[in-house]
1. Looking at region 255-277, can you tell me whether even one residue there is of a type in the set (Ser, Thr, Tyr) and either more than 30 Å from residue 154 (Cα to Cα) or buried (at least 19 other Cβ atoms within 10 Å of the Cβ) (or both)?
2. Can you list residue pairs whose Cβ atoms sit under 8 Å apart, with the first residue in region 80-98 being within 17 Å of residue 241 (Cα to Cα) and crowded, with 19+ Cβ neighbours inside 10 Å and the second being modelled with pLDDT under 95 and hydrophobic (A, V, I, L, M, F, W, C)? Count only pairs 6 or more apart in sequence or on different chains.
3. Conditions first: (1) in a loop (DSSP other than H, G, I, E, B); (2) surrounded by 22 or more Cβ atoms within 10 Å (Cβ to Cβ). Residue 151 passes all but one, so which condition is the exception?
4. Select from region 351-401 the residues that are without any contact (Cβ under 8 Å) to a residue 60 or more places away in the chain and not in a helix (DSSP H, G or I) and list them in ascending order.
5. Scan 258, 320 and give me the residue that is touching a Ser or Thr at 6+ places or on another chain (Cβ under 6 Å) and either among the polar types (S, T, N, Q) or on the phi > 0 side of the Ramachandran plot (or both).
6. May I ask you to say which residue of 264, 235, 229 is under 20 Å from the mean Cα position of the chain (by Cα) and not hydroxyl-bearing (Ser, Thr, Tyr)?
7. What residue, of 251, 190, is under 21 Å from residue 155 (Cα atoms), under 22 Å from the mean Cα position of the chain (by Cα) and either at pLDDT 95 or above or outside the structural domain of residue 81 (by TED's automatic domain parsing) (or both)?
8. Among residues belonging to region 357-393 that are touching a strand residue (DSSP E or B) at 6+ places or on another chain (Cβ under 6 Å) and charged (D, E, K, R), point out the one that is farthest from residue 37 (Cα to Cα).
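The values are calculated or read from the model by the stated rules, or taken from the named source; none is laboratory data. Just so it is clear, the structure is predicted and the values come from calculations on it, not from any experiment. Neighbour counts are summed over all protein chains in view; Cβ atoms, including those assigned to glycine, are modelled from backbone coordinates with ideal geometry.
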Amino acid sequence: MTVTQTREITPAQRLDNLRYAIRDLVGLADQVKQQGHKVLYLNVGDPNIFDFAPPAHVVEAAYRAMRNNKNGYAPSAGVPEALEAIRNEAERNGITSVQNVFVTNGAGEAVDLCLTALLNPGENVLTPSPDYPLYTAVLCKTAAQMNSYYLNEEDGWQPDLDDIRRKINPRTRAIVLINPNNPTGALCTRKMLEQIADIAREHNLLIISDEIYDKLILDGGEHISIAAVAPDVPVVTIGGLSKNYLAPGWRMGWGIVSGDAATVKPFVEGIHKMLRARLSANHPEQYAIKPALEGPQDHLIEVRRKLTARRDITVEACNSIPRMSCVPPRGAFYAFPKIDIPEDDAVWVKELLLQKHILVVHGSGFGQKPGTKHFRIVFLPQEETLREAYSQIHEFMRDRA
């Protein structure tokens, strides 16, 4: 018998730079747990780990669909009543030029579909820095080029318009906006949205606006969709049930394409080719979309009350810790404190986990200006848990001074 030498099955080279910082340290956290320590997870934005749950009428709608045997494949773009509810919600939010709506397996699939349908190898899309690392992952997968624009920490983490203009080149196809922003919790002003829309018009760019946290606005602030500000500009507005309706595990997201009909038609056709190729999004959960968007919204009052209190504790604590500062988040449930430390922030985060058993995410995993160091906090846990965590972080910083 001839014995042949085996070779490794190597992954594609385009994955070499693929990272997902939010979960990269989970393996180390598991080791810490195996040593008998209780780990406080402040790394993943999952409300259901803590004292949050989806509204009862939304849960019942999904159960009812399962009992009625809506358990097969759905239409590729989504069930009609869900599509109609999403379109109506867009119009309530002032989006007057809706051309197409589609349902996806979470907002993440909507992002993936849009970028994959848009980009050829070597082209680029402007993404915020810091940003949610899903965008980096999809761009690696599509062999597109990274092209990050900075958010200005001194201006409440608003986009740096001058940096956006500097970064546009002949191979730029789109601008990504995350509003409210993950990881900073920043909320764009109307003036800022108008200026970004002007840049998109000037350079014939698509805008992909991730608005998954649009109802989790703090301090009585107002969320404004860029598609409402600029009905003539091609925009994909991305939303879902994960955050506003506290159901991340259902994987219910959507995209709303707006702008001039003739301009967006080829792009929409590309998206629908991909929707058909993957058959359908989760079926029974789609019947929860209409009750969620059109039913009682009472749960949001309590959610925003909790988040406001927990945000305030977070900001006060971070601004009282030596060599640390934090811009107050205005939406979502994340804070992005700045730390003045000699080591890399990834090293700092690892040591915090090993010594204090608190898992946060290093700022470099989201992107940040060179020479700055940050970390992301998820402030979903109960107030007493947060206070204890920040006391431990204060002690950690003091001991390392």
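1. Yes, region 255-277 has at least one match.
2. Matching pairs, first to second residue: none at all.
3. (1)
4. Residues satisfying the conditions are 370, 371, 373, 375.
5. Values: 320 fails: touching a Ser or Thr at 6+ places or on another chain (Cβ under 6 Å).
After applying the criteria, what remains is 258.
6. Working: 264 fails: under 20 Å from the mean Cα position of the chain (by Cα); 229 fails: under 20 Å from the mean Cα position of the chain (by Cα).
Just one listed residue meets the conditions, 235.
7. 190
8. Among those residues, the one meeting the criterion is 369.
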